[in-house]
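Single-structure report; data block below.
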Amino acid sequence: MTELRRVDPKTLVPNPNNPRKTQPDPRADHQLALNIKTVGLIHPPCVRELEDGQLMIVAGHRRVRACIAAKLTEIDVHVRSGDEKSDTMAAVAENIVRADMTESEQWRGVLDMRAKGATDTEICRSFMVTPAYLRGLMLLSQMHPPIIAAIDAGIGPSFQERNAIARTPLERQRDVWAEIWAESADEGVDPADYEMSREEFAHFDWEDFVRYLDQVELYARDFEFDDETAQEAGVVWEDDLFGQGGQDNRYCTQFAAIFKAQQIWAEKKKPEGCVFIQANEYGEGIVPEGHRSVGSWEMEQADDIPTIWVSSRTLTIKTGRMRKITQRPAQSGEEGSLSFSSAQSAEKPKERTDISGTGQKIIGEVRTQALRAALAAARESVDPWDLIGAFLLALSADNVNIHGDNTYDPYGAASERDRAVASVFPEGVLVRDPAVLRNAALAVLSSFMNCEVSMHSGSGLSARILGVLFNADAHMPTMAFEDFLKTYSKPGITKAVQAEGLEEKPTGKAMREALMAHVGEKRWVPEPATFAAGIPAWKAKMEKQAARAQLDAQTEEDDEVDDQSSDMELCDEQNDAEADEETLTPEEDVSADDTSSVSETTSSHTELPDDPRIPTQLAGLARKMPEHLEIIMV
């Protein structure tokens, strides 16, 4: 039995056994206080009268605090009869059973308040929401009912996606929704009214749904699949009566059907050995486990697997490559040596080292000195095969960085250098087998030495000289093909045809055709494309280095001579000064100083260049390399 009383909220006693122990949100309490101040207290708190006549709150502690904050002097309360057991049950039940209003319920409430003449400002004050939140609620009036049901279930689209959906006509939303859930709806039930479950939401993407809405007209001319594939995928074409003449104006609005048709077509037309894969939400291919995608910047390998997929964003068919991630087991090589992976020791639990980091640094410095001394001592009698092994070992050092290695794997698999080092140093001792060393050295050179025109990964002129060493010109293919000859300028192609004894033609195209007809099946390589053409540039480079080294040596020698002369002059001046103090008169002292200054001036003039404004080193460099350096006085 309950009784309604009007009391001062400050006189109510809190329940010491209140089941809600969490600290309230001050911001939420402030909003509730403003709401009560605006529309009043709608639900009176429930209280019980104690033996001393005080009223103890059973349910509604937060409402009481809000009323006090709103400075209300009197509020209505329900005074109920009962004991502590029934009061506890009531307090717990109110907190558990009570549920917040769904967004659709709030939206319908807003519509009802608007119908009764309430302004948006009054609605925001009574709901204690911002105008932006109210505008978000009103988007529901432009959405398909199953989408609203998903929002109420907590699996709906984001605010940005809601804006995109609300801009689309309801008929379009209904058609796309029916197309997506056509196979999930029960027989005889319209799939347009199908409500998505939480389990189905795990495989549903609202962003894809928005994209489906945007793809209103998909024209047949933009896709390659044939009519049989279209029929198999369920594509129904319509004719665009206002399309331009002379082109295929068939279109459809079935995004999912076009996507399926593209997948079927990709499966049908994929090359032999190509693998069809699925695409992620960004339209990129998803390679199977144990493989990785090969980037467009990586060099192609023989064991790469071609892939094909359909972009879920653009519906275009894309191709790529994937590479298997292999773990090389420990096994013996052909020469009885261990593989690289066998040289890697198993991980052990960390233990405190016997020597500290500082001690290790000292050891490293001492070892470096010993290594350099050993290399210097071996210069006269080192074995060539030892040099090849040392060369291979050095290329695997931690401080060596090689760009352009086509065997490099960013996921940590062994490169050609690692495998070569493992084959020639299987147990930490060099295998002195000439065949093993030759194969390993040449394999490593082939992995990174290249003639590509690249600032970062190209080997430059050194690769051309390496080609001269190994007679790579004999392996050059014919260059008389259209794509290469198109790169010639007209003067260039003119020189090329004249070098073959042909007459000049009026156009570059005619000269290209004449050259290809003249060469026929023979091999034709222009002189600038040969490896031997790099020899003059290499000689010039060596001469320039030699000249620079000679100039540096001469400069150092001149500096040493100048230092010695300065020391001798200083000693002579000191001796002369001592002798003058003992024997010379003041007049004689002055004449001696004049003579000394004249001789010094003459000597310095003979050492300076013709123009004293030109530095000595710069003048010497200009004399050594007149074709590269010219001094102009302004």
Accessible heavy-atom area order of 41, 218, highest first, probe of 1.4 Å: 41, 218
Exposure ranking of 238, 179, 527 by accessible area [1.4 Å probe, largest first]: 527, 238, 179
Per-residue SASA entry for residue 212, accessible area with 1.4 Å probe, Å² rounded to 10: 50
Chain lengthening between residue 510 and residue 282 when straightened (0.36 nm per residue, less Cα-Cα): 77.3 nm
Segment residue 202-residue 121, length gained on full extension (0.36 nm per residue, minus Cα span): 25.3 nm
Pair residue 241, residue 182: separation of 7 Å Cα→Cβ label points (nm): 2.5
Solvent-accessible surface (1.4 angstrom probe) belonging to residue 43, in square angstrom, nearest 10: 120
Which listed pairs, of 260/318; 270/522; 269/324; 268/318, have C-alpha distances above 26 Å, in listed order: 270/522
Gain upon complete extension [residue 394, residue 518; 0.36 nm per residue less C-alpha separation]: 39.7 nm
Per-residue SASA entry for residue 542, accessible area with 1.4 Å probe, Å² rounded to 10: 70
Inter-site label distance for residue 386 and residue 73 at 7 Å from Cα along Cβ, in nm: 10.9
Förster-model FRET efficiency, 45 Å R0, residue 532 and residue 624, C-beta, rounded to 0.05: 0.95
Integer Hz, Karplus 6.51/-1.76/1.60 couplings in order for region 247-254, x for Gly and Pro: 9, 6, 9, 6, 8, 8, 10, 9
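The values are calculated or read from the model by the stated rules, or taken from the named source; none is laboratory data. Note that the structure is a prediction, hence the values are computed from the model and not measured. Cβ atoms come from the backbone with ideal geometry, glycine included; neighbour counts cover every protein chain shown. Protein only, heavy atoms only, side chains kept; ligands, DNA and RNA dropped before computing areas. Shrake-Rupley method; radii C 1.70, N 1.55, O 1.52, S 1.80 Å.
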